[in-house]
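Here the structure comes first, spelled out in structure tokens, and everything after it is commentary.
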Amino acid sequence: MDYQYDNENIFSKILRREIPNETVLETKHSLSFKDINPVAPNHVLVIPKGPYVNFDHFISEASSDEILDFNSMINDVIKIIGAAPSTDGFGYRIISNAGDHGFQEVPHLHVHIISGRFLGPMVLPEK
Ligand code: 5GP
């Protein structure tokens, strides 16, 4: 794996408390906070605290504890925002963009959890 992590990316600065965030949950290995530019009534980002660029970097190099913690936090956020269909929520979408084609803007792994309105089809077909 040949990823170079940029310590000056915006989420790295959030983790160092150099810029503020609206925290939803924090654990030893992970942080979740509200997206600054929400696309739905609920839009939460979940990030690992370790220096991972994207999902495949994280899964390839993170410890089992980090991976479990990250996934558990995603599950906890879904419950906190009341989005789980099993608990009367109307559902949600999890997105993690990577690289140029994935249109990743911030080069620190993050999962978007989006809910609170009908989201329509995931990706529109090419015309
Ligand atoms: P990406 O396009 O990389 O998947 O998503 C980056 C996300 O980070 C965007 O949804 C954007 O609104 C969010 N974002 C960018 N800068 C900040 C910030 O300083 N604080 C917060 N809370 N979110 C940010």
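The values are calculated or read from the model by the stated rules, or taken from the named source; none is laboratory data. Computed from a prediction, not measured in an experiment: that's the story for all the values here. Backbone-built Cβ (ideal geometry, glycine too); neighbour counts: all protein chains shown. Side chains are part of the model used for accessible areas, which takes the heavy atoms of the whole protein and leaves out ligands, DNA and RNA. Shrake-Rupley method; radii C 1.70, N 1.55, O 1.52, S 1.80 Å.
Pick from the stretch 1-26 the residues that are outside any loop (DSSP other than H, G, I, E, B) and more than 13 Å from Val77 (Cα to Cα): which of them is most open to solvent (accessible area, probe 1.4 Å)? Spell out the reasoning first.
Restricting attention to the stretch 1-26, the residues satisfying the condition of being outside any loop (DSSP other than H, G, I, E, B) are 10-15, 23-26.
Next cut, more than 13 Å from Val77 (Cα to Cα) only: 10-15.
Numbers: Ile10: 79, Phe11: 17, Ser12: 9, Lys13: 59, Ile14: 11, Leu15: 43 Å².
Checked the stretch 1-26; the qualifying residue most open to solvent (accessible area, probe 1.4 Å) is Ile10.
Confirm whether Ile80 is open to solvent by 70 Å² or more (accessible area, probe 1.4 Å) and either under 14 Å from His110 (Cα atoms) or aliphatic (A, V, I, L, M) (or both). First the steps, then the outcome.
On the way: open to solvent by 70 Å² or more (accessible area, probe 1.4 Å): yes; either under 14 Å from His110 (Cα atoms) or aliphatic (A, V, I, L, M) (or both): yes.
Taking the combined requirement at face value, the residue satisfies it.
Which strands (runs of 3 or more DSSP E) does the stretch 27-127 wholly contain that include 2 or more residues that are within 11 Å of the ligand (Cβ to nearest atom), touching a Ser or Thr at 6+ places or on another chain (Cβ under 8 Å) and within 22 Å of Asn9 (Cα to Cα)? Break it down stepwise before answering.
Numbers: elements: 30-34, 42-48, 92-95, 111-115.
Per the criteria, 30-34, 42-48, 111-115.
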